[in-house]
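Inspection log for the structure reproduced underneath, given as structure tokens.
The values are calculated or read from the model by the stated rules, or taken from the named source; none is laboratory data. Keep in mind it's a predicted model, so treat the numbers as computed, not measured. A quick note on method: Cβ atoms are made from the backbone with ideal geometry, for glycine too, and the neighbour counts reach across all protein chains shown. Accessible surface areas use protein heavy atoms only, side chains included; no ligands, DNA or RNA. Shrake-Rupley method; radii C 1.70, N 1.55, O 1.52, S 1.80 Å.
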Amino acid sequence: MAQYRRVSGSVGLITLQNPPVNALSASVRQGIVDSVKRALGDQKVKSVVICGQNGVFCGGADIREFGRQMSGPPLVPMIHDIEAANKPVVAAIEGSALGGGLELALGCHYRISHSKAKLGLPEVTLGLLPAAGGTQRLPRLIGVPAALNLITTGRHVTAAEALQLGILDHVTEHNTVDVAVKFALSVTGESLDGRRISSFSCAPLSDLDSLFEEAMLKVRGAARGAIAPVACVQAVRAAATLPYAQGMEREKELMATLFHSGQARALQYFFFAQRAVGRWSTPSGARWDTSQPRPVRKAAVIGLGTMGRGITVALAQAGLSVVAVETHAKQLMEAKKAVPSMLKRGAVRGGTTIEPDSITYSETVQAVADVDLVIEAVFEDMALKEKVFQQLSIVCKPDTLLCTNTSSLDVDHLASQTRHPELVVGMHFFAPAHVMKLLEVVYGRRSSPAAVATAMQLGKKMGKVSVAVGNCRGFAGNRMLKRYLEQAFFLLEEGATPELVDRALEEFGFPMGVFRMSDLSGLDVGWRVRKADGLADTSLTGTSARVRQGCRYSPLGDLLCEHGRFGQKTGRGWYQYDKPGGRVAKSDPWLHNFLDEYRARHGLVPRCIDQQEVLERCLFVLINEGFQILEEGIAAGPEDIDAIYVFGYGWPRHRGGPMFYADMVGLERVVERLERYHQAHPNVPYLQPSGLLRRLVANGSPPIHKWRNVIKNRNSQL
Ligand SMILES: CC/C=C\C=C\CC(=O)SCCNC(=O)CCNC(=O)[C@H](O)C(C)(C)COP(=O)(O)OP(=O)(O)OC[C@H]1O[C@@H](n2cnc3c(N)ncnc32)[C@H](O)[C@@H]1OP(=O)(O)O
């Protein structure tokens, strides 16, 4: 809806009304069309102001309407009519002017904004382009390079930046609508000839071709295989090279290629999925809307290795005062140097300042006596962590929340070491902890709703996407990753190379294939875990060398570690690097020889493996584990798993996440391929489709937003 009234005698005030963000639904568009008509037809009205109710101008098109039968007046002619009006129209921007919201404002003759507002054209993040004239008006208003940047990244800019770029005419600290009405009165009767952006020409540039070539290279590099950024560049190019009307035609054509694409569906699904993970629940009935988080003002970090340092920085950046504890003097000294410089770099990036005295350092755990929350980040060793939790339970206030940053160990067992197991949860950060967006909040059997709520809220305060998951080996993310890694190893045994596997995954859209990623994070990490589990015994010979606990096992990773090949840090891993710590992976003839010899030793005849098999084996097995995790209630819904994979494991966002991908591929096909691979590899039990996956197929493969019903109701017929 849009409300219309006359104010100050001669200003027609149109207020968009569609909470919470005044999205341009069919009824809002109809309301605008009707109101503009009324204002222009009313002789008493000399100028018009458009604003949004509740301090938000407009969050853009109503994303929930996409993919449905479109109704109501279309945006393009609506904005065209506003621009063509013979009375000045002023946009009064508060809160957000995004997507279609900013395009509406660009159709107005003037734009006045509150200083706290954010503006942007984020369509690219939804797999679209700004197709209500945004790609044609913005370059004409602010120049091609700046418009290219905003449209291809979708970033939101502050009012101050928007003013500097020339998007806004005025920024105010006062009541924006009042200021806009006053302004509208002041421009009554003035010529509008120079105010219609569609009549502008783009500022000429000397080397247009190389500008667009560079832009194209940049977007292709940033999001492998994503089609929307490419279309955005093409649309802006049309603005720079064609008259407005032809540019609009090109914008429309390009939008048509995107609008119904799988990528747009995936990105729009993911937009809502990110928000759904905030509405967490646990099997014991704790929920986001009924569990009260505790205030956390002072926190502590135990262990200042790579993870502990990152967590310390993340907490300080969130405005907490932090006690950073490291019992090894040398490590403490190094951390005291590293943390401030990480903070400084973060401040430069984010334009913030952190009080240096918000962090105090200590060599003893006694220093955490008065904190509200502790995050343990010591070496991944259960005996060591047990000791730390026993100590914390004695030293801390009785109501202090005790969190562990373990990536796979049993949170319930750690809780059992304390006096208040209900106050223990996992907070699983991803390296680098101050940069990576993902936080897995792991609730144990006895974690209280308040403990889970507090960790979830703290994650949000740190700018993370916090996902609540249950306690099991590897939680959700690493448990799925294990299956993916194992398949990659098996593929090498069967004849693939690291290059072939990585190429397939990178072409799928991962920033790094599994072997490059393994070289980056260090092969020794998994090796230590496998050794602790009694799996990494390379003295075994014959068939038992490749079998553990009755299942197929590949000792390839263990063998590489025994050769001292830990990845980038040693300059050798699945690839070779020019020096230890080198970043550029090169194919390594030693590794290929090693694989040949390994296969010969085990009587494995290499076969030709294509990209499709790589993708199906690696991804479907990971997806299958995801279904198992849903079945067990470790994750509450597919959105949780998808958020974990996009934010923590580099799953390409334009593919929506593993569970959404399964929905796109078709659950029946996933089952059929898994069954086929299981037949070929009967000693790999987790290639068997999970019970939930089969149940969904038996229920007619419902779309992903209905899966929760099937999960909730084991006997559901939907
Ligand atoms: C021919 C075609 C022509 C034109 C095409 C135009 C394309 C577009 O305009 S696409 C839309 C572009 N806009 C956006 O991408 C903005 C999306 N929204 C946001 O970024 C944020 O919501 C926000 C506006 C900055 C507000 O943030 P915040 O205050 O943190 O609230 P949220 O939790 O994000 O949102 C609250 C609630 O609103 C829902 N929502 C937000 N925006 C939209 C929207 N554009 N359409 C529909 N729904 C929207 C959001 O999902 C939340 O609801 P939940 O139920 O919690 O999911």
Neighbours by Cβ (under 8 Å, 6+ apart or cross-chain): first from region 327-343, open to solvent by 50 Å² or more (accessible area, probe 1.4 Å); second among the aromatic types (F, W, Y): K336/Y361
Hey, R708 surrounded by fewer than 17 Cβ atoms within 10 Å (Cβ to Cβ), assigned to a helix (DSSP H, G or I) and not hydrophobic (A, V, I, L, M, F, W, C) or not: yes
Residues located in region 105-116, provided they are surrounded by 24 or more Cβ atoms within 10 Å (Cβ to Cβ) and within 13 Å of the ligand (Cβ to nearest atom): A105, L106, G107
Residue that is more than 30 Å from R655 (Cβ to Cβ), at pLDDT 95 or above and of a type in the set (G, A, S), where the choices are G513, G470, G564: G564
When residues of region 236-271 are limited to those that are more than 14 Å from G127 (Cα to Cα) and of a type in the set (A, V, I, L, M, F, W, C), the one farthest from the ligand (Cβ to nearest atom): A240
Pair list, Cβ < 7 Å and 6+ apart or interchain, from region 653-669 residues that are over 19 Å from R275 (Cα atoms) and in a helix (DSSP H, G or I) to residues that are open to solvent by 20 Å² or more (accessible area, probe 1.4 Å) and of a type in the set (S, T, N, Q): L667/S701; E668/S701
Pairs, first farther than 13 Å from A453 by Cα and not assigned by the TED database to the domain that holds P449 in region 272-283, second open to solvent by 60 Å² or more (accessible area, probe 1.4 Å) and within 7 Å of the ligand (Cβ to nearest atom), C-beta under 9 Å, six or more apart: F272/R64
Some residue of region 556-574 being in the same structural domain as E506 (by the TED database), open to solvent by 20 Å² or more (accessible area, probe 1.4 Å), of a type in the set (F, W, Y) and out of contact with any Phe, Trp or Tyr (no Cβ under 9 Å at 6 or more places or on another chain): no
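Rundown of residues vs (1) outside any strand (DSSP E or B); (2) among the polar types (S, T, N, Q); (3) within 9 Å of the ligand (Cβ to nearest atom), yes/no style:
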| residue | (1), (2), (3) |
| --- | --- |
| R6 | no, no, no |
| G9 | yes, no, no |
| P20 | yes, no, yes |
| S27 | yes, yes, no |
| V48 | no, no, no |
| S71 | yes, yes, no |
| P77 | yes, no, no |
| V90 | no, no, no |
| E103 | yes, no, yes |
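Residues checked against (1) open to solvent by 80 Å² or more (accessible area, probe 1.4 Å); (2) touching a strand residue (DSSP E or B) at 6+ places or on another chain (Cβ under 7 Å); (3) farther than 27 Å from Q136 by Cα; (4) not in a helix (DSSP H, G or I):
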site	(1), (2), (3), (4)
L168	no, yes, no, yes
V171	no, yes, no, yes
V179	no, yes, yes, no
F183	no, yes, no, no
S198	no, no, no, no
C202	no, no, no, yes
Residues located in region 488-501, provided they are in a helix (DSSP H, G or I) and either closer than 20 Å to R601 by Cα or basic (K, R) (or both): A488, F489, F490, L491, L492, E493, E494, P498
